[in-house]
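Notes to accompany the following structure.
The values are calculated or read from the model by the stated rules, or taken from the named source; none is laboratory data. None of these values were measured; they are calculated from a predicted model. We place every Cβ from the backbone using ideal geometry, glycine too, and count neighbours over all the protein chains shown.
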Amino acid sequence: NAGVTQTPKFQVLKTGQSMTLQCAQDMNHNSMYWYRQDPGMGLRLIYYSASEGTTDKGEVPNGYNVSRLNKREFSLRLESAAPSQTSVYFCASSPTRMNTEAFFGQGTRLTVV
Amino acid sequence: GIQVEQSPPDLILQEGANSTLRCNFSDSVNNLQWFHQNPWGQLINLFYIPSGTKQNGRLSATTVATERYSLLYISSSQTTDSGVYFCAVERDYGGSQGNLIFGKGTKLSVKP
C-alpha cells in the first residue's frame with residue numbers, strides 16, 4: 001500500500017498564478033486533511049473533510065479552496081498565489097475524524113516568487 | 001484553543017545517550033500522537049498514545065492524560081534519530097470536533 005500520496009513534491013509559482021495540489025489515500029479512510037508547515041512551527045490545519053461530500057475550514061483557510069473528489073482524493077487549490085503561501089503542504093488521512101491515528105503524505109514544497 | 005507545548009525546543013546528544021522529550025497540553029484530549037520528521041521532511045508516525053505506555057524498540061512513550069502531559073523516551077540514540085519530534089493532540093470536545101493540533105516540535109541532533 002502506498003498510504004497517502006501527494007503530487008507534486010516541489011513547485012515554484014509566480015505571484016498571482018493558480019495551482020492545485022493533489023492528494024490520494026488508499027487506506028479507505030473517511031477523513032482527510034490539509035496542513036501547512038512554516039519554518040520553526042508545527043503544522044497548522046488549512047481545511048479538512050470529515051467524510052466524502054463534506055469540507056470545513058481549519059485554522060488558516062484564507063486563500064485556499066478544497067475539493068473532496070471522492071473517498072480517496074482530496075485536493076487543495078490556490079486561486080491566486082501569494083508569497084505568504086510559500087510553505088510545505090502536507091495531506092493526511094485518518095479512519096474517522098476523532099480518536100484515530102492520522103497518516104501523512106510526503107509533503108509538497110511550494111515557493112511563490 | 002488548546003495549547004501544546006513541547007520541551008526542550010532543541011536537544012543535542014552524543015550517540016548512545018538517552019533522552020526524554022516532553023509534551024504538555026492545556027485541555028483534555030482524546031487523541032495524542034508522536035511524529036518524527038526526518039531531515040528529508042517526511043512525517044513518520046511513532047506512537048498513537050492517548051493514554052498509557054507503549055514501546056517500540058528503542059523508543060517508548062507515556063501519556064498521563066489526567067495530568068495533561070506525554071513523554072517520549074529515546075534510548076541509545078543513533079544519528080538516524082536526528083530530526084524534529086512533534087507531539088499532536090486532539091481536544092476532547094465530547095464528539096463535536098476532531099482535528100490534530102501540533103506543538104512546535106523538539107529538534108534533536110545526534111552527533112557521532
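Quick notes on this structure:
- When residues of segment B:22-34 are limited to those that are farther than 16 Å from B:Gly105 by Cα and either of a type in the set (Val, Ile, Thr) or part of a strand (DSSP E or B) (or both), the one modelled with the lowest pLDDT: B:Asn30
- Criterion (more than 13 Å from the chain's Cα centre (by Cα), of a type in the set (S, T, N, Q) and within 14 Å of chain B (Cβ to nearest Cβ)) met by exactly one of A:Thr54, A:Thr108, A:Thr86: A:Thr54
- Residue that is surrounded by the fewest Cβ atoms within 10 Å (Cβ to Cβ) [pool: residues in segment A:62-75 that are touching a Ser or Thr at 6+ places or on another chain (Cβ under 7 Å) and touching a residue at least 12 places away in the same chain (Cβ under 8 Å)]: A:Ser67
- When A:Ala81, A:Ala24 are screened for being more than 30 Å from B:Pro9 (Cα to Cα), part of a strand (DSSP E or B) and away from chain B (no Cβ under 12 Å), only A:Ala24 passes.
- Taking segment B:52-67 as the range and being modelled with pLDDT of 95 or more, within 14 Å of chain A (Cβ to nearest Cβ) and surrounded by 13 or more Cβ atoms within 10 Å (Cβ to Cβ) as the test, the residues that pass are B:Lys54, B:Ala61, B:Thr63.
- Exactly one residue out of B:Ser19, B:Ser70, B:Ser7, B:Ser75 is modelled with pLDDT of 95 or more and buried (at least 19 other Cβ atoms within 10 Å of the Cβ), and it is B:Ser70.
- Subset of segment A:34-49 [more than 7 Å from chain B (Cβ to nearest Cβ) and at pLDDT 90 or above]: A:Trp34, A:Tyr35, A:Arg36, A:Gln37, A:Asp38, A:Arg44, A:Ile46, A:Tyr47, A:Ser49
- Only one of the numbered conditions (1) more than 14 Å from chain A (Cβ to nearest Cβ); (2) not in a strand (DSSP E or B) is not met by B:Leu71, and that is (2).
- Residues of segment A:87-106 classified as assigned to a strand (DSSP E or B) and of a type outside the set (Val, Ile, Thr), total: 9
- Pairs where the first residue, in segment B:79-103, is more than 10 Å from every other protein chain (Cβ to nearest Cβ) and the second is at pLDDT below 80, C-beta under 6 Å, 6+ apart: none
- Residue that is surrounded by the fewest Cβ atoms within 10 Å (Cβ to Cβ), among those in segment A:47-61 that are within 18 Å of A:Pro95 (Cα to Cα) and of a type outside the set (Phe, Trp, Tyr): A:Gly53
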